[in-house]
Amino acid sequence: MLAVGAADLPAQSPEPAALRQLNQVFVKVIVPVTSRSPKQDGPVVESWVAQQLQQLGETEYFAVTGWVPVCDALLEHDAIDNRVWDGGLSGRNAFCPAGGDIPERENGRVLVSVAGWLPFAGCEARVSLPDEPGSRAVGTVQIFSGDGAERKPVGTKHQLPYVAVIIAPPPYEGFTSRGDAE
């Protein structure tokens, strides 16, 4: 005798192929040396980042993060933590925490936003670059005033951090998020 029964199990929706094939975005936070943020040891500052910082007029700086992944929150199924930096310098908080997002991917470009930094609203680095592996750029954190459509940068006497952005290929499908082979 053979008995067949159906079980009511929740279905898992497969991850759409388009989501798995998006290029990865990584950011690194660089802080200028000031009396408020004295030089300290940290991750290496790559030569291409140093070159772009010099073009921006920055001569003394240090990295406070390594390369931190930024996920596109609009494409994720679960809650994600896009915290890029806790704001701490040498065991004390000198800035407010900063978080990242990818608010736009279109026409072969990606817009990366890293916001937080200071206790005022509107502090953000926005970097737009080609959505191709190897693309990289450095952006300045700015203080903005106004609402979404009418945002304007506001000058400040304080030097604000920089954000380096690099685009990497999509994750290899044969590896899990921990890097173990499946």
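The values are calculated or read from the model by the stated rules, or taken from the named source; none is laboratory data. The structure displayed is predicted, hence computed values, not measured ones. Every residue, glycine as well, gets a Cβ built from its backbone with ideal geometry; the counts of neighbours run over all protein chains shown. Accessible surface is based on the protein model in full, side chains and every heavy atom, while ligands, DNA and RNA are left aside. Shrake-Rupley method; radii C 1.70, N 1.55, O 1.52, S 1.80 Å.
Some points to look at:
- Placing a pseudo-label 7 Å from each Cα along the Cα-to-Cβ vector at LEU111 and SER90 gives an inter-label distance of 3.8 nm.
- Förster-model FRET efficiency, 35 Å R0, GLN54 and TYR172, C-beta, rounded to 0.05: 0.50
- Candidate residues ILE166, ILE102: accessible-area rank, largest first, probe 1.4 Å: ILE166, ILE102
- Under 5 Å between amide hydrogens, built in the peptide plane, is the criterion, and for CYS96 it picks out TRP117, LEU118 among residues at least 5 positions away or on other chains.
- Ranking PHE144, PHE95 from most to least accessible surface, computed with a 1.4 Å probe over the protein chains only, gives PHE144, PHE95.
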